[in-house]
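Enquirer: What follows is a single structure, and I will ask about it in a moment.
The values are calculated or read from the model by the stated rules, or taken from the named source; none is laboratory data. These numbers come from a predicted model, not from an experiment. Every residue, glycine among them, receives a Cβ derived from its backbone with ideal geometry; neighbour counts consider all protein chains shown. Side chains included, ligands, DNA and RNA excluded: accessible areas come from the protein's heavy atoms. Shrake-Rupley method; radii C 1.70, N 1.55, O 1.52, S 1.80 Å.
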Amino acid sequence: MSPDSTPHVILTGDRTTGPLHLGHYVGSLRSRVELQHAHTQYLLLADSQALTDNAHAPDKVRHNVLEVALDYLAVGIDPNLSTICVQSALPALSELTLLYLNFVSVARLERNPTIKDEIQARGFGRDIPAGFLCYPAAQAADITAFKATLVPIGDDQTPIIEQTNEIVRRLNRQAARPLLAEARALVPRIGRLPGVDGKAKMSKSQGNALPLSASDDEIAAAVKSMYTDPRHLRASDPGQIEGNVVFTYLDAFDPDAEMVADLKAQYQRGGLGDMTLKRRLTEILQAIIAPIRERRARYSGDLGYVWDVLRAGTERGRTVTETTRKVVIEGLGLFRL
Ligand code: TRP
């Protein structure tokens, strides 16, 4: 499933604010497991970025570095194929951020659609932490420091890649040579997975998420509670597909697309009960989550190994990011002692 045949340097990551869930699995984790075979892939446990709207909860941010690392390993990210780094342990990223902030205006940061939406969603108003407003510059530092050419990212984050490339062009113009390369966003084909309650976004804070450690019973209960079509009272009634969360999930997870198409036709005609449909989805989700949950439990029992993975990955990340730091300092012609 590589985006094209050229090997890329890939960087992506997650804010460490909570364990990952099924929405992350369909949206990004699943494709990272494939991408790691054909490309050089770095994964960033973005604890510094998590702090930009969690300064009141550094314990949570720290604790979730390990939780997210466990999720990575549990879904099949192989530390021999992907490099997992802890953001706050890479000082070159902070230094590049500070330099890049001189190549972007406050007005431009405030115009970034991702930031605008997030400010609104979080109700920050003018009390927005400066670090939050500036996180696109920090993300530009992440992307360029790793020399990433491809950045898998949710569609809500594409303005950040645009802004990264603007900063890159400005720096290159200032240095009068191509110090840094531009990057391309890789947006997943499958749209965002709704929460089990049908709300637009699956999120732990909304209480509508299925964690990657969900038990069979939790999965069954979540599917049972799913919204279908309120007018589909008897199995014989014709039912609606649009807005029917069970079908949205079947589209995302059922490996047999032809069967899903048949089920949809049957549902619309009438004659297919919600129970039958939900049983199928429950079994599919249980089959996906069970091995992830089991691997996660195994790694949780061997945190020493997880620490070793993070230490080794961060060390490799340090080498790459330090190189870029030097390139930028020299390219700008700053004083060096
Ligand atoms: N912003 C990403 C998120 O919300 C996390 C992230 C931090 C990231 N640095 C990155 C993603 C660099 C891609 C590249 O989860």
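Enquirer: Which of the lysines could a cross-linker bridge to Lys224, judged by Cα under 26 Å and excluding same-chain residues fewer than eight apart?
Expert: Lys199, Lys201, Lys204, Lys264, Lys278
Enquirer: Quick one: 3J(HN,Hα) in Hz for the range 208-218, Karplus 6.51/-1.76/1.60 with θ = phi - 60°, rounded, Gly and Pro as x.
Expert: 10, 10, 9, x, 6, 10, 4, 7, 4, 5, 5
Enquirer: As a test question: what accessible area, to the nearest 10 Å², does Thr282 have when a 1.4 Å probe is rolled over all protein chains in place?
Expert: Surface accessible to solvent at Thr282 totals approximately 20 Å².
Enquirer: Per residue, how much accessible surface does the range 295-337 expose to a 1.4 Å probe? Answer in Å², no decimals.
Expert: Using a 1.4 Å probe on heavy atoms only, each residue of the range 295-337 averages 64 Å².
Enquirer: For the range 18-30, just list the computed ³J(HN,Hα) in residue order, Karplus coefficients 6.51, -1.76 and 1.60, θ = phi - 60°, integers in Hz, with x standing in for Gly and Pro.
Expert: Computed from phi, the couplings for the range 18-30 are x, x, 7, 9, 4, x, 5, 4, 5, x, 9, 4, 4 Hz.
Enquirer: Report the accessible area of Tyr25, computed with a 1.4 Å probe over the heavy atoms of all protein chains in place, in Å² rounded to the nearest 10.
Expert: Tyr25 has an accessible surface of roughly 40 Å² with all protein chains in place.
Enquirer: Would you mind telling me the share, in percent, of accessible area of the range 239-337 contributed by carbon and sulfur at probe 1.4 angstrom?
Expert: Taking all protein chains in place, the range 239-337 shows 54 percent carbon and sulfur surface.
Enquirer: Turning to a different aspect of this structure: Multiply the residue separation of Arg269 and Arg170 by 0.36 nm, subtract the distance between their alpha-carbon atoms, and state the gained length in nm to one decimal.
Expert: Answer, rounded to one decimal: 29.8 nm.
Enquirer: For Cα pairs less than 8 Å apart in space and 6+ apart in sequence, what is the mean separation divided by the residue count of the chain, i.e. the relative contact order in percent?
Expert: So the answer I get is 22 percent.
Enquirer: Could you pull the Rg and Dmax for the range 25-177, using just the Cα atoms, both in Å?
Expert: Cα only, the range 25-177: 15.9, 45 Å (Rg, Dmax).
Enquirer: What whole-number distance in Å separates the alpha-carbon centres of the range 212-253 and the range 292-309?
Expert: The two parts, judged by their Cα centres, are 32 Å apart.
Enquirer: Please list, in chain and number order, the residues 5+ apart from Gln41 or on another chain whose amide H is under 5 Å from its amide H, with Hs placed from the backbone.
Expert: Ile10, Thr83
Enquirer: Using the heavy atoms of the protein chains and a 1.4 angstrom probe, tell me the accessible area per residue for the range 160-240 in square angstrom.
Expert: With all protein chains present, the range 160-240 gives 59 Å² per residue.
Enquirer: Another one. For the chain, build the convex hull from the C-alpha positions and give me its volume per residue in Å³.
Expert: Dividing the Cα hull volume of the chain by its residue count gives 147 Å³.
Enquirer: Right, next: Straight-line reach from Lys326: which aspartates and glutamates have Cα under 20 Å away, leaving out those fewer than 8 places along the same chain?
Expert: Hits, sequence-local ones excluded: Glu95, Asp142, Glu182, Glu315.
Enquirer: Using a 7 Å offset from Cα along Cα-Cβ at Glu34, what residues in the range 189-208 end up with backbone N under 12 Å from the label point?
Expert: So the set is 189-190.
Enquirer: Mean shadow of the range 216-298, computed from the convex hull of its alpha carbons, in nm²?
Expert: Orientation-averaged projected area of the Cα hull: 5.3 nm².
Enquirer: In terms of modelled amide H atoms, which long-range or inter-chain residues lie less than 5 Å from the amide H of Val151?
Expert: Under 5 Å from the amide H of Val151: Arg184, Ala185, Leu186.
Enquirer: Please give the charge dipole size of the range 1-105, origin at the Cα centre, charges +1 on K and R Cβ atoms and -1 on D and E Cβ atoms. Round to the nearest 20 debye.
Expert: Roughly 60 debye, rounded to the nearest 20.
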